[in-house]
Amino acid sequence: MKKDFGIIPSSKTLVRCIFCGVHLPKANRCIEQHTNGAKHKENLMLMRENAIYLLNEDLYCKPCNRIVNDNFSVPGHVETESHSNWKVAIEDLTEGEFIKLEPYLSSERDDVHCEVCNLDIDSNLHIIEKHVNSTKHRNNVVERLKPLNGLFPVENDDEVFCKICNMYIDNTTRAVLEHIDDDEEHVAWLTEIEDLIEGHDVSIEHYLANDFEVNAYCKKCKMDIICDVENIESHVHSEDHLNKFI
Ligand SMILES: [Zn+2]
Ligand SMILES: [Zn+2]
Ligand SMILES: [Zn+2]
Ligand SMILES: [Zn+2]
Ligand SMILES: [Zn+2]
């Protein structure tokens, strides 16, 4: 029996796929057809996104810490209120926090990983919450965001310089986050540029991370472009550039 595929014996003539919650005739051809089918593969994927795995002959959901009921299937469980509440909560908690959930969700690891603190954290929601609210984590997030946002240290450590807005900002976690998230000019500039370069293989990372860099870089044309809306717009609409996508 192909246990890894969620197929377990059910009766003399039937097997059951516990991922999909269906019965199948006990014939290799039928089983193969089922395990190669789109629905079954979808459910396998769903397991890897929800920390659900096969434990002996049962479906086990780690975040809910229980065996998923007999007549349930993977989608049946994922849609339950308790599980979907957990999923929403963990995504809300970790959004924009540089916390990697994938190894936990795919059941490769028991912990989640904080990239900015370089730390494994227990996957318990309260522990994650405590971590993301800790001063150390908040500081590390801000340090990570600065080079992604054109913010640079200045001689006087009380302030940082925003290259995009050409202004100084208090060098506190709160002031920096407020600027990055809520400053109209800052957000508008980044959004406009990001919209323009989306799908165009133009990078502004180097521009944002380096104080004296004035150019964006087109990887398709292998050339520098002055990093402002006007120049980037005319580049991504130019024939030379667009021809490289044919
Ligand atoms: Zn199946
Ligand atoms: Zn669950
Ligand atoms: Zn952290
Ligand atoms: Zn700014
Ligand atoms: Zn180009």
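The values are calculated or read from the model by the stated rules, or taken from the named source; none is laboratory data. Since the model is a prediction, treat every value here as computed from it, not as a measurement. Reconstructed Cβ throughout: ideal geometry from the backbone, glycine too, with neighbour counts over all protein chains shown. The accessibility values were calculated without ligands, DNA or RNA, using every heavy atom of the protein model including side chains. Shrake-Rupley method; radii C 1.70, N 1.55, O 1.52, S 1.80 Å.
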Placing +1 on each Lys and Arg Cβ and -1 on each Asp and Glu Cβ in the range 121-195, then taking the dipole about the Cα centre, the residue among ILE193, THR135, LEU177 whose Cα reaches farthest towards the positive end is THR135
Nearest-0.05 FRET efficiency for SER134 and GLU159 at R0 = 35 Å, using Cβ-Cβ distance, is 0.90
The extension gain from HIS237 to ALA188, computed as 0.36 nm times the residue separation minus the Cα-Cα distance, is 15.6 nm
If N is the residue count of the range 136-226, its Cα Rg over 2.2 N^0.38 Å rounds to 1.13
Computed over the chain: longest principal axis from alpha-carbon atoms vs helix 81-94 long axis, angle to nearest 10 degrees, is 20 degrees
Exposed-loop cut sites defined as chymotrypsin sites (Phe, Trp or Tyr not before Pro) in DSSP loop states with at most 15 other Cβ within 10 angstrom; longest site-free run of the chain spans 1-211
With the 8 Å Cα cutoff and a minimum separation of six or more residues, the range 80-133 has a relative contact order in percent of 28 percent
Quarter of the surface of the C-alpha convex hull for the chain, i.e. direction-averaged projected area in nm², equals 18.0 nm²
Residue-ordered couplings for the range 182-193, obtained by feeding phi - 60° into the Karplus form 6.51 cos²θ - 1.76 cosθ + 1.60 and rounding to whole Hz (Gly and Pro as x), are 10, 5, 4, 4, 4, 5, 5, 4, 4, 5, 5, 5
Taking max minus min of the Cα coordinates of the range 80-133 on each principal axis, largest first, gives extents in Å of 33, 25, 17
Simple spin-label estimate for GLU178/CYS30, 7 Å along Cα→Cβ, in nm, reads 6.7 nm
Counting only protein heavy atoms and rolling a 1.4 Å probe, one gets per residue an accessible area for the range 1-77 in Å² of 58 Å²
Between the modelled labels at CYS64 and VAL214 (7 Å from Cα along Cα→Cβ) the distance in nm is 6.0 nm
Over all pairs of different Cα atoms in the range 31-78, the reciprocal of the mean inverse distance gives a Kirkwood radius in Å of 11.1 Å
With the 8 Å Cα cutoff and a minimum separation of six or more residues, the chain has a relative contact order in percent of 9 percent
Heavy-atom accessible area per residue of the range 183-246, all protein chains kept, 1.4 Å probe, expressed in Å², is 65 Å²
Taking only Cα atoms of the range 183-246, the Rg to Rh ratio with Kirkwood Rh works out at 0.97
Expected unfolding gain across TYR168-LEU125 under the 0.36 nm per residue rule, minus the alpha-carbon gap, is 11.8 nm
Relative contact order as a percentage, the range 1-81, C-alpha pairs under 8 Å and 6+ apart, gives 24 percent
Expressed in angstrom and rounded, the centroid-to-centroid distance over alpha carbons for the range 102-129 and the range 146-192 is 29 Å
For GLU49 and GLU79, extending 7 Å from Cα along the Cα-Cβ vector and measuring point to point gives, in nm, a value of 1.5 nm
The FRET efficiency for ILE246 and ASP195, from their Cβ-Cβ distance with R0 = 22 Å and rounded to 0.05, is 0.50
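Which entries in the list LYS12/LYS39; LYS220/LYS244; LYS62/LYS136 go over 18 Å, if you measure between the two C-alpha atoms of each?
Too far apart for the 18 Å limit: LYS12/LYS39; LYS62/LYS136.
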